[in-house]
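Remarks on the structure that follows.
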Amino acid sequence: MGKPPLAPYPPDVPDDAQPVGELGDLVDAVVHGVDWSNERRRGVVLKRVELRACRLTGVELAEAVLTDVTFADCRLDLAGLRVAQVERVVFRDCRLEECDLYEAILKDVLFERCTLREAALDGLRVQRVELRGCDLAGVRGVEALRGARIAWDDVVQNAPVFALGLGLELVE
């Protein structure tokens, strides 16, 4: 049996930290309630960052490096994380519909109670990735999740997605 993902290290926010307003390289920051919809930040680096109740609909973060990041109650629908390096990251209660993770590398990542409907996982590489209570309906490239951990109840809920990913023909 595989090991669970390692938890992210928390941010070490300085006492005199200013509120974050712009999306850019961030280290040791807590961001709450910002709207970065449709922002484009290719290769952005986020390290020891917590994002809470943020809107990142359509954000383009291709080739981003996300290390020790927590997304809680965030919208990342239509987000582009193509070829991103994602390590020790938690997505909790997030909407990731139609998120593009093409050829991203995920190591020590937890998706908890997330909606990943229609997400693109083609070429995704995973190591110590876990999905708990996630909706995977319509996911493309589901076979890229090979080796990920998932609860039995979630397997049953998402059985049609896994069956189609295996090329099975479903009959009544």
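Where only protein heavy atoms count, and the probe is 1.4 Å, what is the accessible area per residue for the chain in Å²?
54
Enumerate the amide H contacts of Val30 below 5 Å, restricted to partners 5 or more residues apart or on another chain; note that Pro and chain-start residues carry no placed amide H.
Under 5 Å from the amide H of Val30: Glu50.
What list of ³J(HN,Hα) couplings, whole Hz, do you get for segment 30-40 from phi and the Karplus terms 6.51, -1.76, 1.60, once you set θ to phi - 60° and write x for glycine and proline?
10, 10, 10, x, 7, 10, 10, 4, 6, 6, 10
How large a share of the accessible area of the chain, in percent, is made up of carbon and sulfur atoms when the probe is 1.4 Å and the other protein chains stay in place?
Looking at the chain in its full context, I get 49 percent from C and S.
If you keep only loop residues by DSSP, which trypsin sites (Lys or Arg not before Pro) in segment 39-135 have at most 10 other Cβ atoms within 10 Å of their Cβ?
Counting only loop positions with at most 10 other Cβ atoms within 10 Å, none of the trypsin sites (Lys or Arg not before Pro) in segment 39-135 qualifies.
Where the centroid of each part is defined by its Cα atoms, how far is segment 1-33 from segment 92-149 in Å?
Their Cα centres are 21 Å away from one another.
Please work out how much accessible surface Val34 shows to a 1.4 Å probe, ignoring ligands, DNA and RNA, in Å² rounded to 10.
It works out to around 30 Å².
The values are calculated or read from the model by the stated rules, or taken from the named source; none is laboratory data. As the structure is a computational prediction, the values presented were derived from the model and not from experiment. FYI the Cβ positions are ideal-geometry reconstructions off the backbone, even for glycines, and counts take in every protein chain you see. Side chains are part of the model used for accessible areas, which takes the heavy atoms of the whole protein and leaves out ligands, DNA and RNA. Shrake-Rupley method; radii C 1.70, N 1.55, O 1.52, S 1.80 Å.
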